[in-house]
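Working notes for the structure below.
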Amino acid sequence: MRFWSFWFNSFILSSQYNPPRFVELLMLLLAIAMLAISSILPDTPYLILGLSLVVGASISILVREAIAPSPQTKITQITASLLLVISIYGFADLMYTL
């Protein structure tokens, strides 16, 4: 029981300490879930929703880093840019196959 209490308190504290980063984390976790579901079920809505969440989260990360840089700005920007390129490529591939 203490394990879940610790994680729940950490979850609440992180959402209060840095709300934009918390929302980005939530978007990326939902994107991972949607992309995992789309790999199991061959339905395109899960894939589209997962890719759009990745695009939104990566754009949000790039804007946040441009406004208020963190100590690891370069790595964060490179990772967000890579996620953005991969998800746009996923959208292009999806449009090509439909």
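Nothing in this text is a laboratory measurement; each read-out follows from the coordinates by a stated rule. Since the structure is predicted, the reported quantities are computational estimates derived from the model, not experimental observations. All Cβ positions, even for glycine, are placed from backbone atoms using ideal geometry, and neighbour counts span all protein chains on display.
Things to note:
- Total residues in the stretch 57-98, condition touching an Asp or Glu at 6+ places or on another chain (Cβ under 9 Å) and within 20 Å of L26 (Cβ to Cβ): 7
- Remark: pairs (first residue in the stretch 1-19, without any contact (Cβ under 8 Å) to a residue 24 or more places away in the chain; second residue assigned to a helix (DSSP H, G or I); Cβ separation under 6 Å; 6+ apart in sequence or on different chains) = S14/F22; S15/F22.
- When T97, T44 are checked against the criterion of being among the β-branched types (V, I, T) and in contact with a Ser or Thr (Cβ under 8 Å, 6 or more places away or on another chain), T44 stands alone in meeting it.
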